[in-house]
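These notes are about the structure you will find just below.
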Amino acid sequence: MLVHRILIIQGHPDPVGSHLCHALADAYREGAQAAGHDVRLIDVAHLDFPLLRSEAEWNDGAVPPALRESQEAIAWAQHLVFVFPLWMGDMPALLKAYFEQVARPGFAFDKSTGGPLGQKALGGRSARIVVTMGMPALVYRYVFRAHSVKALERNILGFVGIAPIRETLVGQVDTLGAAGVARWQRALRRLGADAS
């Protein structure tokens, strides 16, 4: 089996770390490591960084020291796994702030070349998005059109060249029970083993 370099980005904003998102990310990591893949984990809740407040800061400001390691890990990775809960129909604000800081010009894309949208600098990487939510996943996907996940795929990951992007939507988390959690953990271990 081909060995992959996998970066898991845990996007749950609670630093306590005892949520379903953490159990799923751990299961993916366990499956990947058992299959011999090289895995790194970044827990966004444990990073201290400011919000971006201006276009000038985004274009020309220095990347916060706490996020330089994130950029290095993203550059290292061949496959990225993002795990987060759906909050108010979208990713948590802390994770959005993380993306804004990390996906800067000069790292994620080059504005000076490649036409009006710039040149995508993170091509050659694939991704999986794992999202937990209270509503049924089918309702989120077909009634709400998975709008926030699609925006992440198109406006952030796709914009910088990451493809293909796959989704795992875990719905009705409050009713899963221990058996349901264990079932999802097994599924994430398989995905980790396959680096998909």
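Can you sort 184, 87 so the residue with the fewest Cβ neighbours within 10 Å comes first? Spell out each step's value before the answer.
Values: 184 20, 87 16.
Least to most surrounded, the residues fall as 87, 184.
The calculated 222 nm mean residue ellipticity attributable to helices in the chain amounts to -11000 deg cm²/dmol, summing -39500 (n - 2.57) over DSSP H runs of n ≥ 4 and dividing by all residues. Its Cα centre serving as origin, region 74-161 has a Cβ charge dipole (Lys and Arg +1, Asp and Glu -1) of approximately 160 debye.
What lysines sit close enough to residue 150 to cross-link, taking a C-alpha to C-alpha distance under 21 Å and skipping anything fewer than 8 places away on the same chain? Of all the lysines, those that pass the test against residue 150 - Cα under 21 Å, at least 8 places apart if same chain - are 96, 120. With everything on Cα atoms, drop me the angle between helix 177-194 and the longest principal axis of the chain, reported from 0 to 90° to the nearest 10. Helix 177-194 sits roughly 50 degrees off the main axis of the chain.
If you count the DSSP beta bridges with both ends in the chain, what percent of them are antiparallel, to the nearest 5?
Numbers: 3 of 28 bridges.
DSSP beta bridges in the chain are roughly 10 percent antiparallel.
Would you mind checking the tilt of helix 20-34 against the longest principal axis of the Cα atoms of the chain, expressed as 0 to 90 degrees and rounded to 10? It works out to around 90 degrees.
Got a sec? How would 54, 148, 196 order by Cβ neighbour count within 10 Å, fewest to most? The partial results should precede the final answer.
Working: 54 9, 148 21, 196 13.
Least crowded to most crowded, the residues run 54, 196, 148.
List the trypsin sites (Lys or Arg not before Pro) within region 92-196 that DSSP assigns to loop and that have no more than 11 neighbouring Cβ atoms inside 10 Å.
On the way: sites: 96, 111, 120, 125, 128, 141, 145, 150, 154, 166, 183, 186, 189, 190; in loops: 111, 125, 145.
Listed in order of number, the matching sites are 145.
Between region 71-133 and region 13-30, how far is it from one alpha carbon centroid to the other, in angstrom? The distance from the Cα centre of region 71-133 to that of region 13-30 comes to 20 Å. Relative contact order of the chain, taken over Cα pairs closer than 8 Å and 6 or more residues apart, is 29 percent.
The candidate values were [x] 17.1, 60; [y] 16.5, 52; [z] 17.3, 52; the one computed from these coordinates for Rg and Dmax of the Cα atoms in Å carries the label [y].
Bear in mind these aren't lab numbers, they're just calculated from the coordinates by the rules spelled out. All of these numbers come straight from a predicted model, not from anything done at the bench. Glycine also receives a Cβ, built like all others from the backbone with ideal geometry; neighbour counts cover every protein chain displayed.
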